[in-house]
Structure formats: C-alpha cells, structure tokens
Amino acid sequence: MLEVRPVQTESDVSPIATGLRCRCPRCGEGALFAGFLTVVDRCRVCGLELARNDSGDGPAVFLIFILGFLVVPPALWLGMRTDWPLWLHAIIWSAVILGLTLGMLRPAKATVLALQYRYRRADFDAPEGAKEDER
Ligand SMILES: [Zn+2]
C-alpha cells in the first residue's frame, strides 16, 4: 500500500492554522495576500517564493461543498416551517451565501496553498519556467 507522507519542512507550522490566518505556509508569519485574493510574490518574513503557486479552482470547489452542506439544510428546514414567499427566500439565502463565500474565500485559498506547500513542495522549489515545461 502506498503511504503518503508530508515532505519535511523547516518549521512545524500547521497548514490549517496558517491558512485560516492567511499567513505564509513556511514561516506562518508573513502576510499571504496583497489584495483580496492576490497572493504576494514573495513572503516578506522568510522570502518564500509564492508567485508561481497555483491553487486553481480548489478553494472555490471546497467552498461549494462546505457551503452547500452548511446552508442547504437550514434553507430547507426554514422553507418547510414558514410560509415565506420564494422571493424572500431567494434574497435571504443569496445574501447568506454571498457573505459566507466572500468571508471564507481568502482562508480557503490560503489553506489550499498551505496544503500544496506541505504536500507538493516541488511546485514551490521548481526553477523559473519549470512548470510551463511540463505541459
Ligand atoms: Zn514566510
């Protein structure tokens, strides 16, 4: 059976803790974002090169599953217990989903990036242009 083990890193920084705090996956101190979802090119504390990271659609896909699990049951329960018109449900649940998505997207992206750093470290250490050569 294939055993998957994390690559040893310089620190024992938890990918989940650093992701939820939106910090650098290596040192856990430097800010990860320069804008709302724009990742900094390089960590200001430890110098980790972050410009070549690629979390892709991973954070959005995780949020679709997590928010679906969190929002759909209360929406169904409230829909069965009240006589609210559909337009009111549409407004309320759209606002809830939009707020939760905007609030959770940064930590989700930071967590995915931290997990990539832990388990796919070669992507961060690859020389410039190496990822493009693989395609
Ligand atoms: Zn750092």
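Remarks
- Here the peptides 90-99, 25-34, 55-64 are ranked by packing, the mean other Cβ count within 10 Å, and the order with the highest first is 25-34, 55-64, 90-99.
- Packing here is the average count of other Cβ atoms within 10 Å per residue, and on that basis the peptides 111-122, 78-89, highest first, run 111-122, 78-89.
- R44 versus L76: modelled label distance in nm, points set 7 Å from Cα along the beta carbon direction: 4.6
- Where only C-alpha atoms are counted, convex hull volume of the range 15-124 per residue in Å³: 96
- Full-extension gain in nm, T101 to S14, via 0.36 nm per residue minus C-alpha separation: 29.0 nm
All of the numbers you see were taken from the coordinates with simple rules; none came from a lab. Remember, it's a predicted structure, so these values are computed and weren't measured experimentally. Note that we place each Cβ from the backbone using ideal geometry, even for glycine, and neighbour counts take in every protein chain shown.
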